[in-house]
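All remarks here apply to the structure that follows.
No lab work stands behind these numbers, since they all come straight from the coordinates. Everything quoted here is computed from the prediction, not taken from an experiment. Every residue, glycine among them, receives a Cβ derived from its backbone with ideal geometry; neighbour counts consider all protein chains shown.
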Amino acid sequence: MAEKITVVGSYNTGFIIYVDRLPTKGETMPGRGFRMEHGGKGSNQAIQSSRLGCETTIVARVGRDVFGERALNKWRKENINTSHVVLDGENPTGAGLIIVGPAGDNIIAVDLGANMRLSREDVDNALDSIEDADVIVSQLEIPIDTALHSLRGRDADTILNPAPAHGIPPEKLKGINIITPNEVEIKTLAGHKPEENIDVTEIGLKYAKYVEYVIITLGEKGAVIIDKTGRKTQIPAPRVDAVDSTGAGDAFNGALAAALARGYAIEEAVEYACYAGAFLAARIKQGELVEALATARELEKFISDNGG
């Protein structure tokens, strides 16, 4: 029987136009290409865990519009249970408008739309999937209160990916097993500015007093695990030629959930997740994030080929 994961999170449609240079204020210019893609941290993480063979449910809100239907169709194609997706008749599906220049520089505007209406009641209505899950995952492209409510005090292992980051005192995270910020997000959680020169593991120690593990992702350097005793364990990432690190955090979190659901020890689970993030970073092409997420077979081969 497959391991069960419930993701409480977001979906956004990305509208991407490629241009020869970024437009100035008031300027209209022709594009040289257009893509529409599936996005949102919750959706990406659910797709990753499903592709790795887990029985995955998503709890989300999308608009009662063509983009909401598109999300549902994608999730069903990925074998994700959508019985707890709410179709919102008053708010549109979340959307991101992205103009990309030739060097990858961009201008982005995001409207989270129906995502920000995902409520505690929506979570409670999904209680069957939450109580039945081996691992529950949430992020912060939905209301913070909803994300925390979905995770606190559950019997399952729980993971909060605090992205995009907000200032959250460590005591508010009590009752959650794992948080997975990156180096910038852990600073923001603690109320520091991203550019401040601070040892992020020292911040992690403060948060580890209230959760089981703080896992700080470090990009090409892998990740560091900090536990309640203050022990720090560095997990290296495989050396790969990364094309683009966009979405690597989502691959990491989806794979971490899958590994924990299978009973991996925390160090093994984080190593597995680092490989999933590296696989995506090496494989992703411009605008093809979701399609670059690994299947179980692809990730097993990648681990074998890269010294795992």
*Once you charge only the Cβ atoms, +1 for Lys and Arg and -1 for Asp and Glu, what is the size of the charge dipole of the chain about its Cα centre, to the nearest 20 debye?*
260
*Please identify, among ILE17, ILE216, ILE225, the residue showing maximal mean-square fluctuation in a Gaussian network model of the chain using a 10 angstrom Cα cutoff.*
ILE17
*Which of the residue pairs LYS228/LYS285; LYS4/LYS174; LYS4/LYS193; LYS174/LYS301 have a Cα-Cα distance greater than 28 Å in the structure shown?*
LYS228/LYS285; LYS4/LYS193; LYS174/LYS301
*asked:* Could you tell me which residue out of GLY68, GLY31, ILE5 lies farthest along the dipole of the range 1-159 toward its positive end? Charges go on the beta carbon: Lys and Arg +1, Asp and Glu -1, centred on the Cα centre.
replied: GLY31
*Residues in the range 8-37, backbone N under 18 Å from the label point at THR246 (7 Å along the Cα-to-beta-carbon vector): list them, ranges by number please.*
11-23, 31-37
_Sorted peptide list for 156-169, 51-64, criterion being average Cβ within 10 angstrom, highest first_ = 51-64, 156-169
*When the chain is fully extended, how far beyond the present Cα-Cα distance does ARG35 get from MET116, taking 0.36 nm per residue of separation?*
26.7 nm
*Put +1 on the Cβ of each Lys and Arg and -1 on the Cβ of each Asp and Glu in the chain; which of PHE279, GLY42, VAL85 then has its Cα farthest toward the positive end of the dipole?*
PHE279
*To the nearest 0.05, how large is the calculated FRET efficiency for ILE108 and TYR264 if R₀ is 25 Å and r is the Cβ-Cβ distance?*
0.10
*Which shape class, rounded, prolate or oblate, goes with the chain when its Cα gyration tensor gives a ≥ b ≥ c as root eigenvalues, a/c under 1.5 marks rounded, and past that a/b bigger than b/c marks prolate?*
rounded
*Helix-only CD estimate at 222 nm, as mean residue ellipticity for the chain, using -39500 (n - 2.57) per DSSP H run (n ≥ 4)*: -10000 deg cm²/dmol
*Percent RCO, i.e. relative contact order, over the range 1-145, from Cα pairs under 8 Å lying at least 6 residues apart*: 33
*What length, rounded to one decimal in nm, is gained on full extension from SER304 through to GLN234, with 0.36 nm per residue of separation minus their alpha-carbon distance?*
23.1 nm
*Rounded Å value of the spacing that divides the Cα centres of the range 43-119 and the range 162-190*: 23
*Zone of LYS174 (label point 7 Å along Cα→Cβ, backbone N under 16 Å): which residues in the range 207-226?*
207-213
_Ascending count of other beta-carbon atoms within 10 Å, so fewest first, for LEU87, LEU118_ = LEU87, LEU118
_Let me spell out the model: positive unit charges on the Cβ of Lys and Arg, negative unit charges on the Cβ of Asp and Glu, origin at the Cα centre of the range 163-308. What dipole size does that give, in debye rounded to 20?_
420
*asked:* Give the lysines whose C-alpha is closer than 16 Å to that of LYS41, dropping any in the same chain fewer than 8 places away, or say none.
replied: LYS74
